[in-house]
Ligand SMILES: Cc1cc2nc3c(=O)[nH]c(=O)nc-3n(C[C@H](O)[C@H](O)[C@H](O)COP(=O)(O)OP(=O)(O)OC[C@H]3O[C@@H](n4cnc5c(N)ncnc54)[C@H](O)[C@@H]3O)c2cc1C
């Protein structure tokens, strides 16, 4: 089934997104306008993204000492995306936006991500600008966010440092007030930043007039020491080139220098950088007037209040994480499509009949072998299932923003629980789908003559960034399922129960409904058992198997729920059967170690390795 057809089913038949048009925010929209957005994005992705996916992989970005060089197609893709209006799609009309529901925006972005995940760095720019819309001053929105939405500037998120990735409380980038009048700057309280930021995606390039870095840094206390923990972290806008209050470049280069490009396994169409802030490579406005007698320093404008940096950054976290899940999903879909095409055309082997094989018969196409069908069905179940998960969560984001107060609150809590799954489940299982796509291609899959090895390499990132797999799992079991007295988990259980109740009355679905009910009960009981000793060291020792089982429960639910929306659809029926017969039973093994608080891994002495 083509991705467009799957998207149409999910958006319209399953999630009924056209009903959103009855809400004031979306009143200019209808199914026709949603379809028009999908049409445009599908076309641009086909013309400007897909043909260059291999090129951006083989022609990795390089630095000539002055500039980063990338293929011309990268700039053409950025420009086409910006001109499509997708950077600003969800914004208010007053900001030049379309007030498009997030769920439709996410669906439209699948086309780009599937065509070439790394050629466009738009996800970061939109995230950066959205954050400024939520926490910036009016002028910060006009000068920085508006110019990101119109494509003049691009944005980054600078959290990680060489020594601080998962543990952001240990960042050491410092920000000190810039002169006696630091608080009077119209662009926001002005600071001087010094430190190193590692892994910064799209941190340097020539695609846009300017790059707006959003940087986490610590403001030293009166004793000159950095405040330990996340409470000391603040957020700053650090433009690569300084701008005036009209957003015009002043001609001054800020002190942000590229220390080097990282050479990555995949995702090579986007630069990845180590950035030095304030080391004096581009001294700006003479000596920095830092109160600690600082010399050079990159100029940065405070966003929100001091000490609130991580809170501001995490405000947009749900959407950022759903975006990563969407990227993983799109790569899973791309691999599935390639594997399906290959399997339909590759003749190899003969079927085994009751009397064995008949060598006088012509070979069959590999899609006729049961094992190839198994691998294709797994890819379909993983990637189309992940797509349903992502759009379900995106629809919850719209509910959170435009629903009644009760519905919005429910959506918020459901998102708390589902976001770690939306980020992690596709990152793990759509990566597995890409591995199976390589397997379907046999030896050819292992070469650059076919696209599937690149999909796998590109996808391998998703379990690492935006909170690693392990960190997501600890968040789910350590915080999300217990927060607010476990209300999020109860809400989710209520939705799963509703699907079970409907499926019990559908011919042929009662067995799945019962299996889902049992899985739900098992996950609930295991959550309690994991926390029975009250010691997080016991509970979290097996957080990843818990997250895997939880994700499989959610995916089984979503497959069954989709089937209820269109019971006779054979492809979905078969994928649902596959999921219930081959995948859901795996949760037994995952949950067993969690429920028994198995300490095999946790207690392994280091010198026994
Ligand atoms: C291609 C790429 C692009 C990126 N883009 C950006 C970007 O634009 N901006 C940005 O700020 N960052 C970015 N990152 C950084 C990314 O978010 C970090 O790599 C990630 O947070 C992990 O940090 P780390 O690499 O320091 O690994 P570490 O934090 O050292 O983790 C190493 C391993 O230890 C595990 N671990 C760590 N702490 C714990 C714990 N408490 N309990 C259990 N296990 C633990 C982790 O799960 C992981 O498996 C990017 C990274 C890459 C590779």
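The values are calculated or read from the model by the stated rules, or taken from the named source; none is laboratory data. It should be emphasised that the depicted structure is a prediction, and the values quoted were computed from it without experimental measurement. So basically every Cβ, Gly included, is an ideal-geometry build from the backbone, and we count neighbours across all protein chains shown.
In a residue-by-residue description of the range 347-367, the property of being in a helix (DSSP H, G or I), in contact (Cβ under 8 Å) with a residue 24 or more places away in the chain and within 25 Å of residue 557 (Cα to Cα) applies to no position. Against the criterion of being touching a strand residue (DSSP E or B) at 6+ places or on another chain (Cβ under 8 Å), closer than 26 Å to residue 543 by Cβ, at pLDDT 95 or above and within 16 Å of the ligand (Cβ to nearest atom), residue 465 qualifies. Taken over the range 210-228, the criterion of being modelled with pLDDT of 95 or more and surrounded by fewer than 16 Cβ atoms within 10 Å (Cβ to Cβ) is satisfied by no residue.
If the condition is being buried (at least 18 other Cβ atoms within 10 Å of the Cβ) and closer than 15 Å to residue 207 by Cβ, then the range 69-100 contributes 70, 73, 74, 77, 78, 80, 81, 82, 87. When the range 229-275 is limited to residues that are part of a strand (DSSP E or B), within 23 Å of the chain's Cα centre (by Cα) and surrounded by fewer than 23 Cβ atoms within 10 Å (Cβ to Cβ), the one that is nearest to the ligand (Cβ to nearest atom) turns out to be 272. Here is the figure for the range 172-199: residues that are more than 16 Å from the ligand (Cβ to nearest atom) and within 22 Å of residue 125 (Cβ to Cβ) total 2.
Quick one: which of 571, 534 is in a helix (DSSP H, G or I) and surrounded by fewer than 22 Cβ atoms within 10 Å (Cβ to Cβ)? Result: 571 is the single residue among 571, 534 that is in a helix (DSSP H, G or I) and surrounded by fewer than 22 Cβ atoms within 10 Å (Cβ to Cβ). Between 591, 555, 563, the distinction of being within 14 Å of residue 382 (Cα to Cα), assigned to a helix (DSSP H, G or I), touching a residue at least 12 places away in the same chain (Cβ under 8 Å) and in contact with a helix residue (DSSP H, G or I) (Cβ under 9 Å, 6 or more places away or on another chain) belongs to 555 only.
Scanning the range 178-201 for residues that are in contact with a strand residue (DSSP E or B) (Cβ under 6 Å, 6 or more places away or on another chain) and closer than 17 Å to residue 306 by Cα yields a count of 10. Per this entry, residue 207 is not counted among residues that are closer than 16 Å to residue 304 by Cα, within 16 Å of the ligand (Cβ to nearest atom) and either in contact with a helix residue (DSSP H, G or I) (Cβ under 6 Å, 6 or more places away or on another chain) or assigned to a strand (DSSP E or B) (or both).
Scanning the range 501-512 for residues that are in contact (Cβ under 8 Å) with a residue 40 or more places away in the chain and in contact with a helix residue (DSSP H, G or I) (Cβ under 6 Å, 6 or more places away or on another chain) returns 502, 503, 509, 512. Scanning the range 149-171 for residues that are touching a residue at least 40 places away in the same chain (Cβ under 8 Å), within 15 Å of the ligand (Cβ to nearest atom) and touching a strand residue (DSSP E or B) at 6+ places or on another chain (Cβ under 6 Å) yields 154, 155, 156, 157, 158, 159, 160, 162, 171. Whether any residue in the range 432-440 is free of Cβ contacts under 8 Å to residues at least 24 places away in the same chain, part of a loop (DSSP other than H, G, I, E, B) and either away from the ligand (no atom under 16 Å from the Cβ) or closer than 30 Å to residue 18 by Cβ (or both) is what I want to check. No, because not a single residue in the range 432-440 is free of Cβ contacts under 8 Å to residues at least 24 places away in the same chain, part of a loop (DSSP other than H, G, I, E, B) and either away from the ligand (no atom under 16 Å from the Cβ) or closer than 30 Å to residue 18 by Cβ (or both).
Just to check your reading of the model, which residue among 32, 60 is modelled with pLDDT of 95 or more, surrounded by fewer than 20 Cβ atoms within 10 Å (Cβ to Cβ) and in contact with a strand residue (DSSP E or B) (Cβ under 9 Å, 6 or more places away or on another chain)?
60
Candidates are the residues of the range 449-493 that are without any contact (Cβ under 8 Å) to a residue 24 or more places away in the chain and farther than 25 Å from residue 524 by Cα; the one that is surrounded by the most Cβ atoms within 10 Å (Cβ to Cβ) is 453. Whenever a residue of the range 321-335 is touching a residue at least 60 places away in the same chain (Cβ under 8 Å), its partners that are crowded, with 24+ Cβ neighbours inside 10 Å and outside any helix (DSSP H, G or I), lying with C-beta atoms within less than 8 angstrom and at least six residues away or across chains, give the pairs 327/117; 330/117; 331/117.
Evaluated against (1) outside any loop (DSSP other than H, G, I, E, B); (2) at positive phi; (3) within 16 Å of the ligand (Cβ to nearest atom), residue 484 falls short on exactly one condition, (3).
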